[in-house]
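Presented below is the structure to which this report refers.
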Amino acid sequence: MSTRRFVASSDGVRIAVFEQGSPEAPTVVLVHDHPDTNAVWDPVVAALTDRFRIVGYDGRGAGESDAPRRASAYRAQRLADDFAAVIDAVSPDRAVHVLAHGWGSVAVWAYLDRAGTTDRVASFTSVAGPSPEHMRRYLADALRRPLRTRRFLGGLQQFRRLAVSAPQSLSAKVYRANIVGPTARTEPPVDVPVQLIVGTADPYVDARFYDAVSVWVSRLWRRDIGAGHRVPDSHPQLLARSVVQLVEHLDGAPPARELLRAQVGRSRPTFGDTLVSVTGAGSGIGRETALAFAREGAEVVVSDVDEAGLEETARLLSSAGATVHSYPLDVADAAAVEAFADRVCERHGVPDIVVNNAGVGHAGFFLDTPSEEFDRVLDINFGGVVNGCRSFGRRLVERGAGGHIVNVASMASYTPVNVMNAYCTSKAAVYMFSDCLRAELDAAGVGLTTICPGVIGTNIVDTTRFSLPVARRHDAESVRGRAQKGFALRRYGPDKVAAAIVDSVKKNKAVRPVTPEAYLVYGVAHALPQVMRSTARGGNIL
């Protein structure tokens, strides 16, 4: 339950202030955008009240606060006066942590420009709100150098964004009083720890603008998220988590993985401060994928139904200096996968990259394949992918910080083979499922790659089951032997698939065939599907 009081700003404007939480807890001050009111923070407050004393206020012209009529009353320095009056009233003896959005961030930037104020703010999390002075300098620098084409065009684009968005603000008053106002004096460096939350789809401020903020800020973190301008509405949990992680770290706690990844200027490998989960990691493609991500700095969660193979993978990762967490798992068991996701996320955090790789081989004509065997192949190869995507995909979306899913299909997903009905069907299902899910997850900033290996030398042939007619069941091992020789002659190992997976995540590729034959057949299958159907009728590896 919040309490309300009024605070007078320097020009006599009354500001409505709302407080809740324990007075003894660290204070977090919330400063909203215009034309919002303090109520915009309600979803964020719900996630913070158990840790902090929360102070919010209605900015001038909004909610229960006074609304001056003159445009000059909305200059950044006036907004900064309001912020100063509030924190002096609610926390005169202790520095406060600040979470501010839009014009609320503008007010805090203007406040931090003043001499002797940095000891009043313990941290500043700025959401979609640059300093007007930074903005004017960025535009001036870009537009006066037309020969620097990219920067000049970026400046023009940013100027157009601001011009188009101006009428959508609280009123033209706030915009006119700041963006088109006079240039202020040179700003001193900001010594307060600053955390930027940058919406990459913000229609008002291009994300590239924030690249220069590090010039003015000595301790900076930056989180780019797939969001527009109204981040408090779209990502309240992410904002709350970002504040908690920064405050706890500044109070002495080890930095969270997300916070480490956000730290500007910190040297790291490509996948440093990244958590990767790989199923089917007990051998083959899964093992090599875990090792490949670990070599690029990732912390790895490995799982497999084969506990002996899983133990060997964990040993190899540890020997290579990687941080590894190992869990036995049957991906075909939906309840087990959900419990696995719960344990992983509780103990280690939500994985940033999820590789659904576990699978089994099968060969045999459909009419010779028992129903339970057909179902087994689909349950593992397709059901395992569905289970992994359901359990981790939901958590990635709820986290709100993006991520990537890799689903390992096969060249068989677009290559009909008359004696591989169950296997081809399971992999084709993975392919189409992934296409559909990719479109769904895109809005949340979560990427998805479908990997389609070709003929790869793994132990899948060793474990492949054959469904043969009764009269030929004794031939299963000879068929297996011929297949093993063929795969051995190919000499294309699982490390090549692992390299393709890592590269595809870096580039956010939608579909990635791996071997030359996988690329060739991919093109033929899409351009000449009848050729594939005709070939399928004549093929018989059994």
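The values are calculated or read from the model by the stated rules, or taken from the named source; none is laboratory data. Everything numeric here is computed off the predicted structure, so don't read it as measured data. Backbone-built Cβ (ideal geometry, glycine too); neighbour counts: all protein chains shown. Side chains are part of the model used for accessible areas, which takes the heavy atoms of the whole protein and leaves out ligands, DNA and RNA. Shrake-Rupley method; radii C 1.70, N 1.55, O 1.52, S 1.80 Å.
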Would you mind finding the one in ALA73, ALA80, ALA107 that is in a helix (DSSP H, G or I), open to solvent by less than 10 Å² (accessible area, probe 1.4 Å) and free of Cβ contacts under 8 Å to residues at least 40 places away in the same chain?
ALA80
Filter pass, VAL205 being surrounded by 15 or more Cβ atoms within 10 Å (Cβ to Cβ), farther than 16 Å from THR125 by Cα and touching a residue at least 24 places away in the same chain (Cβ under 8 Å)
yes
Quick one: which helices (runs of 4 or more DSSP H) lie wholly within the range 423-538 and hold at least 2 residues that are surrounded by 13 or more Cβ atoms within 10 Å (Cβ to Cβ), modelled with pLDDT of 90 or more and charged (D, E, K, R)?
494-507
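For every residue, the table says whether it meets (1) out of contact with any strand residue (DSSP E or B) (no Cβ under 9 Å at 6 or more places or on another chain); (2) over 20 Å from HIS34 (Cβ atoms); (3) open to solvent by 10 Å² or more (accessible area, probe 1.4 Å).
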| position | (1), (2), (3) |
| --- | --- |
| THR200 | no, yes, yes |
| GLN237 | yes, yes, yes |
| ALA240 | no, yes, no |
| PRO255 | no, yes, yes |
Condition test on ASP36, is it charged (D, E, K, R) and closer than 17 Å to PHE6 by Cβ?
no
Residue check, THR313 of a type in the set (Val, Ile, Thr), in contact (Cβ under 8 Å) with a residue 12 or more places away in the chain and more than 21 Å from VAL497 (Cβ to Cβ)
no
The residue that is farthest from LEU220 (Cα to Cα), considering only those in the range 257-277 that are part of a helix (DSSP H, G or I) and open to solvent by less than 20 Å² (accessible area, probe 1.4 Å), is LEU259
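Applying the selection to the range 13-35, what residues are of a type outside the set (Val, Ile, Thr), touching a residue at least 60 places away in the same chain (Cβ under 8 Å) and either exposed (fewer than 15 other Cβ atoms within 10 Å of the Cβ) or within 28 Å of ALA73 (Cα to Cα) (or both)?
GLU19, LEU30, HIS32, ASP33, HIS34, PRO35
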Could you please find all residues in the range 204-230 being part of a helix (DSSP H, G or I) and of a type in the set (Gly, Ala, Ser)?
ALA207, ALA212, SER214
Six or more apart or on different chains, Cβ atoms under 6 Å: show the pairs whose first residue is in the range 181-196 and under 20 Å from ARG222 (Cα atoms) and whose second is surrounded by fewer than 14 Cβ atoms within 10 Å (Cβ to Cβ) and modelled with pLDDT of 80 or more.
PRO189/SER218; ASP191/SER218
Scanning the range 23-51 residue by residue, those out of contact with any helix residue (DSSP H, G or I) (no Cβ under 8 Å at 6 or more places or on another chain), outside any helix (DSSP H, G or I) and not acidic (Asp, Glu) turn out to be PRO23, ALA25, PRO35, THR37, THR49
Just wondering, is there one or more residues in the range 71-94 that are more than 25 Å from HIS235 (Cα to Cα), touching a strand residue (DSSP E or B) at 6+ places or on another chain (Cβ under 8 Å) and hydroxyl-bearing (Ser, Thr, Tyr)?
yes
The number of residues in the range 85-104 that are assigned to a helix (DSSP H, G or I) and either hydroxyl-bearing (Ser, Thr, Tyr) or more than 33 Å from the chain's Cα centre (by Cα) (or both) is 6
Test: residue in the range 6-22 that is over 23 Å from HIS235 (Cα atoms), part of a strand (DSSP E or B) and of a type in the set (D, E, K, R):
yes
Could you check the range 197-240 and list, in sequence order, the residues that are at pLDDT below 95 and touching a Phe, Trp or Tyr at 6+ places or on another chain (Cβ under 7 Å)?
PHE209, ALA212, HIS229
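Rundown of residues vs (1) among the aliphatic types (A, V, I, L, M); (2) more than 25 Å from ARG268 (Cα to Cα); (3) out of contact with any helix residue (DSSP H, G or I) (no Cβ under 8 Å at 6 or more places or on another chain), yes/no style:
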| site | (1), (2), (3) |
| --- | --- |
| GLY286 | no, no, no |
| GLU299 | no, no, no |
| SER303 | no, yes, no |
| GLU311 | no, yes, yes |
| TYR327 | no, yes, no |
| HIS348 | no, no, yes |
| THR369 | no, yes, no |
